[in-house]
1. Take GLU79, GLU247, GLU203 and order them by how many other Cβ atoms sit within 10 Å, fewest up front.
2. Per DSSP helix of 4 or more residues, -39500 (n - 2.57); summed, then divided by the residues of the chain. What does that give at 222 nm, rounded to the nearest 500?
3. Looking only at chymotrypsin sites (Phe, Trp or Tyr not before Pro) in DSSP loops with at most 14 other Cβ atoms within 10 Å, what is the longest site-free stretch of the chain?
4. Scan around LEU104 for amide H atoms under 5 Å from its own, H built in the peptide plane at 1.01 Å from N, and keep only partners 5 or more places away or cross-chain.
5. Quote to one decimal, in nm, the extra length available between LYS163 and THR241 on full extension: 0.36 nm per residue of separation minus the C-alpha distance between them.
6. How large are Rg and Dmax for the chain when only the alpha carbon atoms are used, in Å?
7. Relative contact order for segment 233-293 using alpha-carbon pairs under 8 Å, separation at least 6, rounded to a whole percent?
8. Once each part is reduced to its C-alpha centroid, what is the distance from segment 156-231 to segment 116-139 in angstrom?
Amino acid sequence: MKRALLLILILAAVFSSCKTKKEENSGNAVKDDLGNLFEFSSAPERVISLAPSITEMIYYIGADSKLIGVTKYCDYPPEAKGKQSVGGLLDPNLELIAEMKPDLILLTIEGNSQITYKSLIDLGYRVFVLNPRKVDDIISSMEKLNEILKPQTGRTGIDNFRKEVESIKPKDADRNTYAAFLSSKPLISFSDNTFIGDIFRTEGFSNIFGNEKLDYPGIYDEDLLLKNPDYLFFLADTSGTTKKIIETEIAGRFYGLKAYKEKKVFILDENIFSRPGPRVADALKKLVEIRRQ
């Protein structure tokens, strides 16, 4: 999943420039995050999600009965693994999708490629794109899904999510410096212009690489050691052996950092922190826990 995540992030900037013509049907109008206007005379009943974050949002608002297909990476909630898999984020099975006859396909810019998007458009599918770039954008994305799919409990869930996120945000202006990485070999960080960066910013952390021109810059060990942040984070698979490998890497390469000496090094669940969905509340709570230690 780590290699796929990095490739997805690289392709995201290319995808974000793609737009299609506006639809001309009558009914409920909703604009996607590429600026395309969709009109729905009735709620779609056969929906395919090609991004784990969108799948999580659909379950959260209670619209999962309309979900007929997901990617092989859609593993949360556990029930999502029982849905028909249509392949990967970058290489979905177009033949299988055709057999399933969806009336709406959902993509995200930081998740799917422009090639996939254009292929689905060329095949005549209605493709709705979401692109939450900040924590607050998740609310907007869920509101769009709720307006399109019209689940009975959607509005209540979204209102509860909004209240929960607001209650987690810090009330003080304390901003400890941090560096966080999506990969240790090579070191790949992220700027403040990313969804992941906004999670940390929201919870009162200051990214030492936040002003980098690239959204996901490569970082030299020497630069990290020179800037010497208060906290050091790595996003990884925390359920397998990856965590132990990274811990060994940190001990061998970054033992001179203030964060290492003060035991402020943390390995965080990459799925919770990299997916712009409802579990961002768990990510914020984890950072609150870390700040209080």
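1. Ordered from fewest to most neighbouring Cβ atoms within 10 Å, GLU79, GLU247, GLU203 come out as GLU79, GLU247, GLU203.
2. Values: 12 runs with 118 residues, N = 293.
One gets -12000 deg cm²/dmol as the mean residue ellipticity at 222 nm.
3. Values: sites that count: TYR220, TYR255.
With a cap of 14 other Cβ atoms within 10 Å, the longest stretch comes to 1-219.
4. For LEU104, whose amide H was placed from the backbone, the distant partners under 5 Å are ARG46, ILE48.
5. Values: separation 78, 0.36 × 78 = 28.08 nm, distance 3.61 nm.
In short, 24.5 nm is gained.
6. Rg, Dmax (Cα atoms, Å): 19.7, 63.
7. On the way: 37 pairs, mean separation 24.4, N = 61.
Averaging sequence separation for qualifying contacts and normalising by length gives 40 percent for segment 233-293.
8. Rounded to whole Å, the Cα centres lie 25 Å apart.
Here, each number is a calculation from the coordinates, and none is a lab measurement. Computed from a predicted model, the values in this text were never measured in an experiment. Every residue, glycine as well, gets a Cβ built from its backbone with ideal geometry; the counts of neighbours run over all protein chains shown.
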